[in-house]
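Asks: To start, I am sharing the structure in question, which I have written as structure tokens.
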Amino acid sequence: MTYTSVLAKQRRFGETTRTDAWWIQPLLVFLGFSAFIAYSTWAALQGTDTVHCYYWLGGYNPNANGANYLSPFFSPELFSVSPDAPPAVFGTLPAIWPGWLPFSPAFLMMWVPAGFRFTCYYYRGAYYKAFWADPINCAVGEPRKTYLGERYFPLIIQNIHRYFFYLAVVFIFILAWDAWDALWFVDAAGKQHFGIAVGSLVLIVNVYLLGGYTFGCHSFRHLIGGFLDSKSKVPVCAKGYSCVSCLNHRHMLWAWMSLFWVGFTDIYIRLCAMGVWHDFRIFTF
Ligand code: FES
């Protein structure tokens, strides 16, 4: 007896037998990601202002009330362009920078978190659907007939993700330092006091969520133990692997919560620095 198998006819674009509202998820990803990209680009461009500095709540800003909060979009601040800006790592922007080219401290560092998210395994699956409709969702007809995947240029570049992971870890420590700074308040005599304000909590939660996202990375999971054939023979790696796996199981949730919160942290500091919101001090020693 001979058997012949018949390949299912390829679906037309958008054709599916799914009966659920499969289009909602890619639509939400499209709206969420678009909103974040639009806001973060706008916020980064505000750093070109050579008069006002609203990405830092501190210094001589009359709304600072002794606080010291730096927006995560601008940390670390390597060069500053505003006299109101916090002391930058390398001081003011050198004269060698062409005058016709706008400069914002965010330009020098935002490519790291942006590259880390853009190449993230979870986000890739999400924005391929939401922005390229490729596929528009699981079991829904695609707009093309061939599949090249990520083994060829340009998407093979996505393999750079593990290197972005190394850089992203450095940023977690830098942002943790900023959160520590947010726990110290200067009084009228210039003396520092330990305390907690709403802004301190905003910056601490930011590090917590970004840490949960970063340390649940698939690349980290591989690096810490996934590369071993038999993890049980190296208990340290086995333990590390299970910790990272724990975060990795909710990677999508960490990704969106940290994305939302990092944007909110910038908004909070910006509005407080502008005097629109008032930072409430819970206590100071
Ligand atoms: S896979 Fe998402 S951050 Fe690495």
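The values are calculated or read from the model by the stated rules, or taken from the named source; none is laboratory data. As the structure is a prediction and not an experimental result, all values here were calculated from the model. Don't worry about glycine lacking a Cβ; one is built from the backbone with ideal geometry, like all the others, and counts go over all protein chains shown.
Asks: Search region 151-169 for residues that are under 21 Å from residue 224 (Cβ atoms) and pair each with any residue that is part of a helix (DSSP H, G or I) and of a type in the set (Phe, Trp, Tyr) when their beta-carbon atoms are under 8 Å apart and the residues are at least 6 apart or on different chains.
Replies: Pairs found: 161/116; 161/121; 164/116; 165/116; 165/220; 167/116; 168/116.
Asks: Going residue by residue through region 82-97, is there one that turns out to be buried (at least 23 other Cβ atoms within 10 Å of the Cβ) and not in a loop (DSSP other than H, G, I, E, B)?
Replies: No, because not a single residue in region 82-97 is buried (at least 23 other Cβ atoms within 10 Å of the Cβ) and not in a loop (DSSP other than H, G, I, E, B).
Asks: When you scan region 107-123, do you find a residue that is more than 16 Å from the ligand (Cβ to nearest atom), buried (at least 19 other Cβ atoms within 10 Å of the Cβ) and within 29 Å of residue 252 (Cβ to Cβ), even just one? I'd like the intermediate steps shown before the answer.
Replies: Within region 107-123, the subset more than 16 Å from the ligand (Cβ to nearest atom) is 107-110.
If we keep only those that are buried (at least 19 other Cβ atoms within 10 Å of the Cβ) too, we end up with 109-110.
After this cut, where a residue has to be within 29 Å of residue 252 (Cβ to Cβ) as well, the list is 109-110.
Yes, there is a match, as at least one residue in region 107-123 is more than 16 Å from the ligand (Cβ to nearest atom), buried (at least 19 other Cβ atoms within 10 Å of the Cβ) and within 29 Å of residue 252 (Cβ to Cβ).
Asks: Identify, from the list 229, 279, the residue that is more than 19 Å from residue 171 (Cβ to Cβ), at pLDDT below 95 and acidic (Asp, Glu).
Replies: Within the list 229, 279, the selection yields 229.
Asks: Within region 22-55, which residues are over 30 Å from residue 73 (Cα atoms) and without any contact (Cβ under 8 Å) to a residue 40 or more places away in the chain?
Replies: Once the filter is applied, which keeps residues that are over 30 Å from residue 73 (Cα atoms) and without any contact (Cβ under 8 Å) to a residue 40 or more places away in the chain, region 22-55 yields nothing.
Asks: With the checklist (1) within 20 Å of residue 40 (Cβ to Cβ); (2) part of a loop (DSSP other than H, G, I, E, B); (3) touching a strand residue (DSSP E or B) at 6+ places or on another chain (Cβ under 8 Å) in hand, flag the one item residue 276 doesn't pass.
Replies: Here residue 276 meets the rest and fails (3).
Asks: Of the conditions (1) within 16 Å of the ligand (Cβ to nearest atom); (2) assigned to a strand (DSSP E or B), residue 283 fails just one. Which one is it?
Replies: Result: residue 283 passes all but (1).
Asks: Within region 128-174, take every residue that is of a type in the set (Phe, Trp, Tyr) and away from the ligand (no atom under 12 Å from the Cβ) and give me the one that is nearest to residue 219 (Cα to Cα).
Replies: Kept after step one, since they are of a type in the set (Phe, Trp, Tyr), are these residues of region 128-174: 128, 131-132, 147, 152-153, 163-166, 171, 173.
Checking which are away from the ligand (no atom under 12 Å from the Cβ) leaves us with 128, 131-132, 147, 152-153, 171, 173.
Details: 128: 20, 131: 24, 132: 24, 147: 24, 152: 20, 153: 21, 171: 17, 173: 19 Å.
Out of the qualifying residues, it is 171.
Asks: Which of (1) in contact with a helix residue (DSSP H, G or I) (Cβ under 7 Å, 6 or more places away or on another chain); (2) closer than 17 Å to residue 165 by Cα does residue 222 not meet, given it meets every other one?
Replies: (1)
Asks: With the requirement that a residue be more than 20 Å from the chain's Cα centre (by Cα) and among the β-branched types (Val, Ile, Thr), what does region 242-285 give you?
Replies: 276, 282, 284 - these are the residues of region 242-285 that are more than 20 Å from the chain's Cα centre (by Cα) and among the β-branched types (Val, Ile, Thr).
Asks: List every residue pair whose Cβ atoms lie under 8 Å apart, where the two residues are 6 or more positions apart in sequence or sit on different chains, the first residue falls within region 201-222 and is farther than 24 Å from residue 283 by Cβ and of a type in the set (D, E, K, R), and the second residue, located anywhere, is more than 7 Å from the ligand (Cβ to nearest atom) and part of a helix (DSSP H, G or I).
Replies: 221/241; 221/244; 221/245; 221/248
Asks: Cβ-Cβ under 6 Å, sequence separation 6+ or interchain: first residue in region 4-21 and hydroxyl-bearing (Ser, Thr, Tyr), partner at pLDDT 70 or above. Which pairs?
Replies: 16/139; 16/140
Asks: Among the numbered conditions (1) in contact with a helix residue (DSSP H, G or I) (Cβ under 8 Å, 6 or more places away or on another chain); (2) free of Cβ contacts under 8 Å to residues at least 60 places away in the same chain, tell me where residue 269 comes up short.
Replies: Evaluating residue 269 over (1) in contact with a helix residue (DSSP H, G or I) (Cβ under 8 Å, 6 or more places away or on another chain); (2) free of Cβ contacts under 8 Å to residues at least 60 places away in the same chain leaves (2) as the failure.
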